[in-house]
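Quick notes on the structure that follows.
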Amino acid sequence: MPVIDLDRYRRDGYQLLPGLLDDEDRRRAVAFFDDLDGAAEVSSSYEPEYDEGDGVRRLRKLRRLLWNDPEVWGPLLNRAGVTDLARQVVGDGAGVVFHAAFLKPALVGTEVALHQDQALWTHTYPGAFSVWFALTEVSPANGGLFGSPGSHSGGEVAHRDRPQYRWHPSLDAAEDGLREPVQFELRPGDGVMWDRYFAHGSAANTSPADRRGMVVVFADSSAPGFAAKDHFPLDALHALGAE
């Protein structure tokens, strides 16, 4: 199981998870997404989004991974230890509510503006936290990944639409009184976890290499009034094994 400092996580809103995914599983995940990226058509069950430019159309985002391919992703997530991590952070009532890939393709990968996940979700997810897997190197050179330390501490901050940005309402660190975001320099297989109110984002990828990432989100499904579009209980995930 990944070793975390819960006090530090609760103070900063995030924690780095070095070596979260072993190289065999990382390669397996990259190959899976590369196959879908090269496919003539991707099933609508993945709710795909695309980046386009200069006659190129590449996959940007895939959703509902665990629900589409539980036999692929269940064992991988269990081997990475994130089920045990969810029990430690949320408790036995934890369950997966999102599992997605952020593929940020070379040259045309668009930015993900600074935002808090909970502000963009339809439902309120008590105790939710995300685990983000770096499937390739992640640095400012390929769009990177950044976040604002302590930005979770005040709860939800009002997001605004930007005319020049089409994906979702967003934040501005300076205008919204948040600390200057820090860059997460991640090696392939590293991870980072963050609170549902932690403000984060990434820049456009203008490099010649894809920047691949994957995220799984856990929430406390035992909380009163819990509701979700998708919910994969922790016991059901654990039952998929690690082989």
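The values are calculated or read from the model by the stated rules, or taken from the named source; none is laboratory data. Here the structure is a predicted model, which means the values were calculated and not measured. For neighbour counting, all protein chains shown are included, and Cβ atoms are generated from backbone atoms with ideal geometry for every residue, glycine included. Only protein heavy atoms, including side chains, enter the accessible area calculation; ligands, DNA and RNA are left aside. Shrake-Rupley method; radii C 1.70, N 1.55, O 1.52, S 1.80 Å.
As a calculated quantity, the FRET efficiency between Glu52 and Arg160 at R0 = 25 Å, using C-beta atoms, amounts to about 0.50. Answer rounded, prolate or oblate for the stretch 1-135, using the Cα gyration tensor with square roots of eigenvalues a ≥ b ≥ c: rounded when a/c is under 1.5, else prolate when a/b is larger than b/c, else oblate. Prolate, because a/c is 1.5 or more and a/b exceeds b/c. The slack in the chain from Ser207 to Leu120, taken as 0.36 nm per residue of separation less the alpha-carbon distance, amounts to 28.5 nm.
The amide H of Leu114, built 1.01 Å from its N in the peptide plane, has Leu171 as neighbours under 5 Å, considering only residues 5 or more places off or on other chains.
Summing charges over neighbours of Val56, with a neighbour being any other residue whose Cβ is under 14 Å away from its Cβ, gives -1 when K and R count +1 and D and E count -1.
Net charge dipole, the stretch 1-157: roughly 280 debye, given to the nearest 20, about the Cα centre with Cβ charges of +1 for Lys and Arg and -1 for Asp and Glu. Spin-label point model (7 Å from Cα, Cβ direction): what's the Ser153 to Glu243 distance in nm? Placing both labels 7 Å beyond Cα along the Cβ direction yields 4.9 nm. Say R0 is 30 Å: what FRET efficiency, to the nearest 0.05, do Ile4 and Asp35 get from their beta-carbon distance? Taking R0 as 30 Å, the efficiency between Ile4 and Asp35 is 0.40. Projecting label points 7 angstrom from Cα along Cα→Cβ for Ser44 and Ser222 puts them 3.9 nm apart. 3J(HN,Hα) along the stretch 84-100: 5, 4, 5, 5, 5, 7, 9, x, 5, x, 5, x, 7, 10, 9, 8, 9 Hz, from the Karplus curve 6.51 cos²θ - 1.76 cosθ + 1.60 with θ = phi - 60°, whole Hz, x for Gly and Pro. Computed over neighbours whose Cβ is under 11 Å from that of Arg11, the net charge equals -2, Lys and Arg +1, Asp and Glu -1. Is the stretch 60-165 best put as rounded, prolate or oblate by its Cα gyration tensor, with a ≥ b ≥ c the root eigenvalues, rounded for a/c under 1.5, and otherwise prolate when a/b is larger than b/c, oblate when not? Oblate, since a/c reaches 1.5 and b/c is not below a/b. Under 5 Å between amide hydrogens, built in the peptide plane, is the criterion, and for Arg60 it picks out Glu49, Tyr50, Asp51 among residues at least 5 positions away or on other chains.
Heavy-atom accessible surface of the stretch 1-150, averaged per residue, reaches 41 Å², computed with a 1.4 Å probe.
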